Amino acid sequence: MIVEAIDKRTGRTIRAEDAYSGQRLQCPYCGVDVHPVLGVETPFYRCYEGGEHKNCICKQLDRSNRVYDPQLTDASQLFDNLFHPVREKEELSWESDEDEGLIDPELEDETRYGNESEYGADVDTDEDEEEGSKPAAEPVILPCRTLSQLWKAEIHEFNANDRVGSHLRSDIFLWYKDFNRFFVRRDDLGKRVLALRPRWPVNRSNAILFAAFSTDRKTNVRKKKNFVLVFDDRREYNQACKKLFVRNTESNGISSTAPKYSMVLVAGDWTELDEEKYMAYKVETGDYCYGAQISNFSSKNQIYALQKYKIKQTKEQRS
């Protein structure tokens with residue numbers, strides 16, 4: 001919650017409990033007009049009707065007292081936690097998927113994808129406090145250490161050259177709008193988080209194929225670049241497939257594997273894959289492709305499915 005606001009006439013910061021009813025103040029982060037909500041255990045500021053917060057910090061504060069600030073993020077610590085989270089324990093099972101009835105693309109292992117909170121990540125919920133507990137008056141502002149936290153901090157709303165900690169946003173995260181600038185290059189992308197579309201599992205190689213797409217506005221030609229995430233552990237591979245894919249069954253009885261999301265976040269240490277080696281993972285033809293990059297999978301924290309981009313499945317497809 002927002003507990004402090006700015007008096008635009010004097011420039012003074014006023015806490016909600018010190019404001020008077022109906023006082024018109026400004027959000028200290030984005031400048032939107034707010035008014036105090038009094039008569040509650042912890043007074044706070046709310047936008048006037050029709051107004052909304054614009055900054056990632058105040059947007060989070062409007063829902064919770066726990067805030068993730070990209071400006072506090074240290075890239076080396078972020079990637080260390082994504083690849084080798086301190087709290088990860090191999091014996092912990094992956095979290096049950098909410099979509100009951102989804103069929104594993106290959107095996108019948110019923111273990112599902114893990115709850116990020118078990119591995120130092122933030123659960124995708126706005127209820128950071130225990131039920132029945134008092135909300136803290138002072139917000140807790142933390143650096144981003146997981147993909148969930150990066151998404152909550154709206155890193156995708158930053159421009160490529162905006163600063164995120166001591167790095168440019170594009171040094172840490174690449175969005176689909178960055179395709180033409182970064183993905184057409186033939187050099188290694190290195191440690192980066194990418195917004196990608198799951199394509200399909202490659203069972204013979206224990207790998208999942210992802211892709212980034214773009215359409216040339218002048219020629220209307222669809223372009224893409226492929227990204228391969230390789231798993232050493234077959235069980236981890238299966239669990240990732242369960243999270244990202246579903247088995248569709250058509251009316252004629254023919255089944256095929258389809259992605260459950262049109263976009264997910266994937267962290268990797270990406271290196272360029274030459275065409276001969278890429279043939280081990282290639283399944284399709286057509287669509288001009290700007291090569292492929294490859295990374296190893298080492299932690300569940302490397303994949304974060306975006307609920308906003310979940311593809312609706314029909315009953316027929318899920319049967």
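The values are calculated or read from the model by the stated rules, or taken from the named source; none is laboratory data. Remember, predicted model here, so these are calculated numbers, not experimental data. In this analysis, Cβ positions are derived from the backbone assuming ideal geometry, glycine residues included, and neighbour counts consider all displayed protein chains.
Results, tabulated for the structure shown:
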{"item": "Segment 150-176, residues that are over 16 Å from residue 266 (Cα atoms) and surrounded by fewer than 19 Cβ atoms within 10 Å (Cβ to Cβ)", "result": "157, 159, 160, 161, 162, 163, 166, 167, 168"}
{"item": "Selection count where residues are of a type in the set (S, T, N, Q) and in contact with a Lys or Arg (Cβ under 8 Å, 6 or more places away or on another chain), scope segment 206-247", "result": "5"}
{"item": "Residue within segment 213-229 that is modelled with pLDDT of 95 or more, surrounded by 15 or more Cβ atoms within 10 Å (Cβ to Cβ) and under 24 Å from residue 152 (Cβ atoms) present", "result": "yes"}
{"item": "Matching residues, segment 27-51, being over 20 Å from residue 138 (Cβ atoms) and either of a type in the set (Val, Ile, Thr) or part of a strand (DSSP E or B) (or both)", "result": "32, 33, 35, 47"}
{"item": "Selection count where residues are within 18 Å of residue 49 (Cα to Cα) and either surrounded by fewer than 16 Cβ atoms within 10 Å (Cβ to Cβ) or touching a helix residue (DSSP H, G or I) at 6+ places or on another chain (Cβ under 8 Å) (or both), scope segment 4-25", "result": "4"}
{"item": "Residue among 106, 130, 118 that is of a type outside the set (Gly, Ala, Ser), modelled with pLDDT under 75, surrounded by fewer than 18 Cβ atoms within 10 Å (Cβ to Cβ) and assigned to a helix (DSSP H, G or I)", "result": "118"}
{"item": "Top-ranked residue of segment 188-207 - restricted to ones that are closer than 18 Å to residue 310 by Cα and under 18 Å from the mean Cα position of the chain (by Cα), ranked as surrounded by the fewest Cβ atoms within 10 Å (Cβ to Cβ)", "result": "197"}
